[in-house]
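Where a number appears in this text, it was derived from the coordinates with a stated rule and is not lab data. None of the values given here were measured: they were computed from a predicted structure. Glycine also receives a Cβ, built like all others from the backbone with ideal geometry; neighbour counts cover every protein chain displayed.
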There are 2 protein chains.
Amino acid sequence: MPKTVTKSAQDYLKRIYELTEDGSSASTNDLARELNIKPASVTGMIQKLAAEKPALVEYQKHQGVTLTTAGKRAALEVIRHHRLLETWLVQTLGYTWDEVHEEAERLEHVISEDFERRIAAALGNPTRDPHGELIPTADLKMPVDDSTPLSALRPNQNATIQRVIAQDPDLLRHLDGLGLTPGIQIEVTEYSAFDNNLTVRIGKKSNVLGLNITTKIFVEISK
Amino acid sequence: MPKTVTKSAQDYLKRIYELTEDGSSASTNDLARELNIKPASVTGMIQKLAAEKPALVEYQKHQGVTLTTAGKRAALEVIRHHRLLETWLVQTLGYTWDEVHEEAERLEHVISEDFERRIAAALGNPTRDPHGELIPTADLKMPVDDSTPLSALRPNQNATIQRVIAQDPDLLRHLDGLGLTPGIQIEVTEYSAFDNNLTVRIGKKSNVLGLNITTKIFVEISK
DNA sequence: CAAAATATTTAGTCTAACCTAAAATATATT
DNA sequence: AATATATTTTAGGTTAGACTAAATATTTTG
């Protein structure tokens with residue numbers, strides 16, 4: 001039976017997961033920034049996580065950390081909670097996608113596995129949250145996402161928005177205002193090589209989007 | 001603005017509220033028992049709560065504690081959270097009344113006021129939780145409960161069950177099996193002065209109930 | 001490639017909340 | 001009223017997780 005992982009430890013593991021999704025290791029400083037904690041404190045916690053048995057992270061001084069199998073499981077558990085909660089807050093309590101993050105951030109640490117199963121079932125075992133992020137499966141596997149950044153599209157390509165990587169409520173409301181939400185069909189009509197702006201048609205409206213936005217929106221290209 | 005009240009402090013305040021509802025003060029030992037904490041630890045926390053500004057409890061050495069106005073507000077806030085959560089877990093996620101307590105016990109400390117408002121509204125601002133306990137109002141007043149213990153009824157009295165005071169899941173399932181749940185109509189048909197047993201008709205069935213049960217069920221007597 | 005800049009770790013503090021053991025104070029009994 | 005018992009408090013210790021300041025690695029750059 002796995003040790004009790006504290007709320008703080010869960011937060012660390014979740015961030016480490018995110019920072020190492022690309023295969024790299026997570027540095028002390030990066031973690032400190034993401035967690036709003038001083039680097040010295042991060043070192044302390046990392047050492048504790050590495051000393052657990054089974055170890056939750058792999059750690060060599062000055063080399064950054066990666067997750068062990070046990071650590072990854074714990075991280076995916078929290079991420080599954082978070083994304084199911086966001087989905088459920090939006091669908092059953094009328095939250096908007098810019099309002100759910102904080103609430104889910106607190107709830108994710110305290111809900112039971114029973115609660116998790118109940119909301120998953122009530123939602124029909126969704127695979128993506130309101131931002132289009134993939135929800136780890138009940139057996140804690142992260143599905144593979146084969147979506148493409150919108151910034152890679154060129155004129156005459158059609159696509160469906162899969163996910164939007166952003167937490168900032170202002171940005172989220174802005175994107176919602178433009179109709180740039182998961183599930184929406186778009187078409188790229190123009191591309192400017194100088195500033196990498198794309199003109200994107202959403203329904204009957206068109207908008208010029210900069211890299212700031214087009215790198216945060218991931219799409220599935222229509223055949 | 002009120003100070004941040006920690007989860008532990010919230011638990012203390014909630015218990016103190018319950019132990020002092022009858023107007024008495026709560027003793028260190030009683031609190032320790034209710035909270036599954038050693039008496040010495042309780043003294044420490046009480047002193048801290050009394051030293052807050054504004055003070056959350058009134059405390060004189062060896063005299064037990066009572067809640068201040070600020071402390072009572074904080075307690076009612078937590079109790080409102082708890083009872084709304086129980087109601088909502090039962091109504092929207094299919095929990096039974098014997099399953100909700102623990103889950104609500106953890107969630108009550110982390111939900112936002114926004115979340116509270118949303119579930120209250122979604123439930124139609126209920127006044128009682130699944131056990132029939134009164135839910136403090138949004139402005140943190142505890143409604144008056146004028147119900148009578150079932151043990152006080154005598155043959156030929158009819159009544160409606162208002163609330164059932166119990167957390168033990170086994171007992172709750174037992175009562176549910178007997179049909180003794182809030183809202184149900186009952187009639188007392190027999191009384192035994194020796195053991196204080198009551199025979200109670202629920203629909204077409206009758207059961208003999210001892211004091212252990214009849215003092216935990218509160219009813220409104222039909223005119 | 002050495003100096004400067006940056007990143008990381010160590011060492012020592014702090015707070016919250018618990019614990020045990022012992023001392024102090026209340027209450028109850030004779 | 002004196003003693004016994006029960007309750008409560010004090011004193012000192014532990015763990016988790018944060019902090020600051022100082023020391024040490026590592027990386028970047030002139």
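Here are some notes:
- Residues residue B:7 and residue B:201, FRET efficiency given R0 of 45 Å [Cβ-Cβ distance, rounded to 0.05]: 0.50
- For A:165, B:79, B:16, order by how many other beta-carbon atoms lie within 10 Å, fewest first: A:165, B:79, B:16
- Nearby lysines by direct alpha-carbon distance to residue A:48 (threshold 28 angstrom, same-chain neighbours under 8 apart not counted): A:3, A:7, A:14, A:38, A:61, A:72, A:141, B:7
- Between residue B:192 and residue B:171, the distance separating the two model label sites (each 7 Å from Cα on the Cα→Cβ line) works out to 2.0 nm.
- Structure remark: mean-square fluctuation, Gaussian network model of chain B, C-alpha springs under 10 Å; the largest value among B:195, B:170, B:98 belongs to B:195.
- Shape class for the range B:158-220, computed from the alpha carbon gyration tensor (a ≥ b ≥ c): oblate, with a/c not under 1.5 and a/b at or below b/c.
- Helix runs (DSSP H) in chain A reaching 24 Å along axis by Cα, Kyte-Doolittle at least -1.0: A:69-93
- Residue-averaged beta-carbon neighbours from other chains (10 angstrom radius) around B:109-116: 4
- Anchor residue A:205: lysines whose Cα lies under 28 Å away (excluding residues fewer than 8 positions away in-chain): A:216, A:223
- A point 7 Å from Cα along Cα→Cβ stands in for residue A:174, and the other copies hold the same point at 6.3 nm, listed in rising order.
- Position residue B:4, label points 7 Å along Cα→Cβ, spacing to each other copy in nm (shortest first, one decimal): 2.1
- Helix-only CD estimate at 222 nm, as mean residue ellipticity for chain A, using -39500 (n - 2.57) per DSSP H run (n ≥ 4): -12500 deg cm²/dmol
- Here residue B:47 yields copy-to-copy label distances, from shortest upward, of 3.2 nm, the label point defined as 7 Å from Cα along Cα to C-beta.
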